[in-house]
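J.: My questions all concern the structure below.
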Amino acid sequence: MIGKLTLILYPLNKKRLGAVQKKYIIKTLGLEPDFDFEELRYADIMDEDLTNAVGEVNPDEKADIFKTAYSLAEHIFVIDFDRMVRLAEVLSLNAADTGLDYDIFDSAAITDRKYEIVSRNYSCISAAIGFIPFVPVADFFVLTPLQVVMCNQIFAMYNFDCDTKEFLKTVGAAVGQGLLMRLTSKLFCSLIPGLGWVINASVAFTGTYIIGRIAREYAMNGGTLSSESIQAIWCQANAEAKREFPKMKDFIFDCKDMIVDAWKSATDAYKEAAAEETAKDEADAASEDIND
């Protein structure tokens, strides 16, 4: 059992997780209340440990172990593709054995999948936040801090260096408030009356989905998109988001606590990383001053 759990938890090893995410993992894996889940998850899992763990499991279980690990990480919004690839290698699985609809050993396919997951995850997180009554989402840009983090990740995927806040200003200037309000009004009119949270959540979902889509196209085109191109992508992504949200609505509603928990965990990690980077820059600047 420990060997199997080691393999399943390897992609989550030492990842920052919220309380709701942890509870979901424990419940999903059917762990006993007194099982020391955290000790296992925070242990240093090395290649030797993985190899030993594989030796403890039935060969027929290998594919199911990978699928469980992937599904678990995907459901709690924490997928580490490098570790997923390593897990598949250790389990001696080929692309077809993983049960995924893409080749996890193909870097280009992984990049595309990363974008899809980041876009979906941040759109769902935005929608979950939109469900919270005290969070106003009257327009698409109220969730800017969340969208900045998403865009930074998308730009990093495509090795594109860009000031994300300036990018968002460029998008805002290209689409204009007129188009923004028309799209919002159309979205409102297409929803079921009386479900206020659905309106809030759908607007937040759609706005973030659109920004993510434009960010990807912007990065892939080296930041050379014209205002007309941005407007066209906006309209196309808006139509896509309106088709996607109804598919995700029940999931977002049922799992909103875990989704917000994942967002908080990611935000804390981002803040810590930013603080460390700022401290390093200040230390480097101080060192240069002393040398001068």
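Nothing in this text is a laboratory measurement; each read-out follows from the coordinates by a stated rule. This is a predicted model, so every value here is computed, not measured. Here the Cβ is made from the backbone with ideal geometry for all residues, glycine too, and neighbour counts use every protein chain on show.
J.: Two decimals, Cα atoms only, Kirkwood Rh: what is Rg/Rh over region 2-105? If you can, show how the numbers build up before the last one.
T.: Numbers: Rg = 12.9 Å, Rh = 13.9 Å.
Here Rg/Rh amounts to 0.93.
J.: What FRET efficiency, computed as 1/(1 + (r/R0)^6) with R0 = 41 Å and r the Cβ-Cβ distance, is obtained for VAL148 and ALA239, rounded to the nearest 0.05? Let's see the in-between values first.
T.: Values: r = 25 Å, r/R0 = 0.60.
So the FRET efficiency works out to roughly 0.95.
J.: Given a Förster radius of 41 Å and the C-beta distance between ILE26 and LYS247 as r, what FRET efficiency does 1/(1 + (r/R0)^6) yield to the nearest 0.05? The partial results should precede the final answer.
T.: On the way: r = 28 Å, r/R0 = 0.68.
The pair ILE26/LYS247 has a calculated efficiency of 0.90.
J.: In addition: Could you order the peptides 39-46, 82-89 from most to least packed, using the average number of other C-beta atoms within 10 Å per residue?
T.: Result, highest mean Cβ count within 10 Å first: 82-89, 39-46.
J.: With the crude spin-label approximation of a point 7 Å out along Cα→Cβ, what separation in nm comes out for ASP254 versus ASN52?
T.: Distance between the two pseudo-spin positions: 3.8 nm.
J.: Is there a pair in LYS22/LYS249; LYS15/LYS242; LYS4/LYS67; LYS15/LYS67; LYS15/LYS114 whose C-alpha atoms are over 21 Å apart, and which pairs would that be?
T.: Working: LYS22/LYS249 23 Å; LYS15/LYS242 33 Å; LYS4/LYS67 12 Å; LYS15/LYS67 19 Å; LYS15/LYS114 18 Å.
Beyond 21 Å: LYS22/LYS249; LYS15/LYS242.
J.: Another question, if that's okay. Starting with the highest mean, order 218-231, 61-74 by the number of other Cβ atoms within 10 Å, averaged over the residues of each peptide.
T.: Details: 218-231: 14.8, 61-74: 18.2.
Peptide ranking by packing, descending: 61-74, 218-231.
J.: To the nearest 0.05, how large is the calculated FRET efficiency for THR68 and ASP163 if R₀ is 35 Å and r is the Cβ-Cβ distance? Walk me through the numbers on the way to the answer.
T.: On the way: r = 40 Å, r/R0 = 1.15.
After rounding to 0.05, the efficiency reads 0.30.
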